[in-house]
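The values are calculated or read from the model by the stated rules, or taken from the named source; none is laboratory data. Source: prediction; values computed, not measured. Please note: Cβ atoms are built from the backbone with ideal geometry, for glycine as well, and neighbour counts cover all protein chains shown. These area figures cover heavy atoms from the full protein model, side chains too; ligands, DNA and RNA do not enter into them. Shrake-Rupley method; radii C 1.70, N 1.55, O 1.52, S 1.80 Å.
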Amino acid sequence: MPQPTLVLRALEWVRVDFASRHRPPSALRVVAATIVSVAGSLLADALLVVIGQAAFPSTRGYAHFQFADYSKLTIVGVIIACAAWPIVTRVSSSPRWLFLRLAILVTLALYVPDLYLLVLGQSAKAVAVLMLMHLAIAVVTYNVLVHLAGVRQDRAPARHGAHRQSAAVGLTAARP
């Protein structure tokens, strides 16, 4: 039996196995979750701006705290995440596990521009609030998607400790 390539092992490690035993969320649920995620994320952003400006009065008037500034980026980011969720549910037998890790990675990547703002000399207090906004968006969006547009468990479940064949890569893998 040929050894799996490094790419195939990496895909298995991140649980991209194309062997889901569930149905992906319906389009209606994804649309509803997208609307709720956008609204919840914008609300979280607005609350964090209010709290941040109250806690750090020197941040009042900060350009990135203007609704027109952060709302565009929030909406685009949430829509991208909501579009990614149905894809993740199709390529992984553990979509919540994978999507959580993707959300963490994306959130960390979004901290890079925030850190650049610090390098440019912008207020550390204001940038800290921006970083909290990114975290809040991730938490809201992840939770809304996996709960409101969760996968539907209607296929035969895998037996505990059973081996199964990956449909896409032809690997046999044991999952606890």
Relative to the present Cα-Cα distance, how much length would full extension add between Asp69 and Val112 at 0.36 nm per residue of separation?
13.7 nm
Using every alpha carbon pair in segment 46-129, what percent of pairs falls into each 5 Å bin from 0 up to the bin containing the largest distance?
3, 13, 18, 19, 17, 12, 9, 6, 3, 0
Modelling each spin label as a point 7 Å along the Cα-to-Cβ direction, I'd like the Ala54/Ile87 distance in nm, to one decimal.
3.9 nm
Under the 0.36 nm per residue contour assumption, what length would be gained going from the current alpha-carbon distance of Gln153 and Trp97 to full extension?
18.6 nm
Which one, Thr74, Leu105, Pro4, is farthest towards the positive end of the dipole of segment 1-113 when Lys and Arg carry +1 and Asp and Glu -1 on their Cβ?
Pro4
Report the extension gain between Ala46 and Ala128 in nm, rounded to one decimal, defined as 0.36 nm multiplied by the number of residues separating them, less their alpha carbon distance.
28.1 nm
How large is the charge dipole for segment 31-153, taken about the Cα centre, if only the Cβ atoms of Lys, Arg (+1) and Asp, Glu (-1) carry charge, to the nearest 20 debye?
280 debye
Order of exposure, largest accessible area first, which applies to Ser58, Ser123, Ser37 with probe 1.4 Å:
Ser58, Ser123, Ser37
Keeping all protein chains in place and using 1.4 angstrom, which order do His147, His64, His22 fall into by accessible surface area, from largest down?
His147, His64, His22
When a/c reaches 1.5 or more, the comparison of a/b and b/c decides; with that in mind, is segment 1-147 rounded, prolate or oblate per its Cα gyration tensor?
oblate
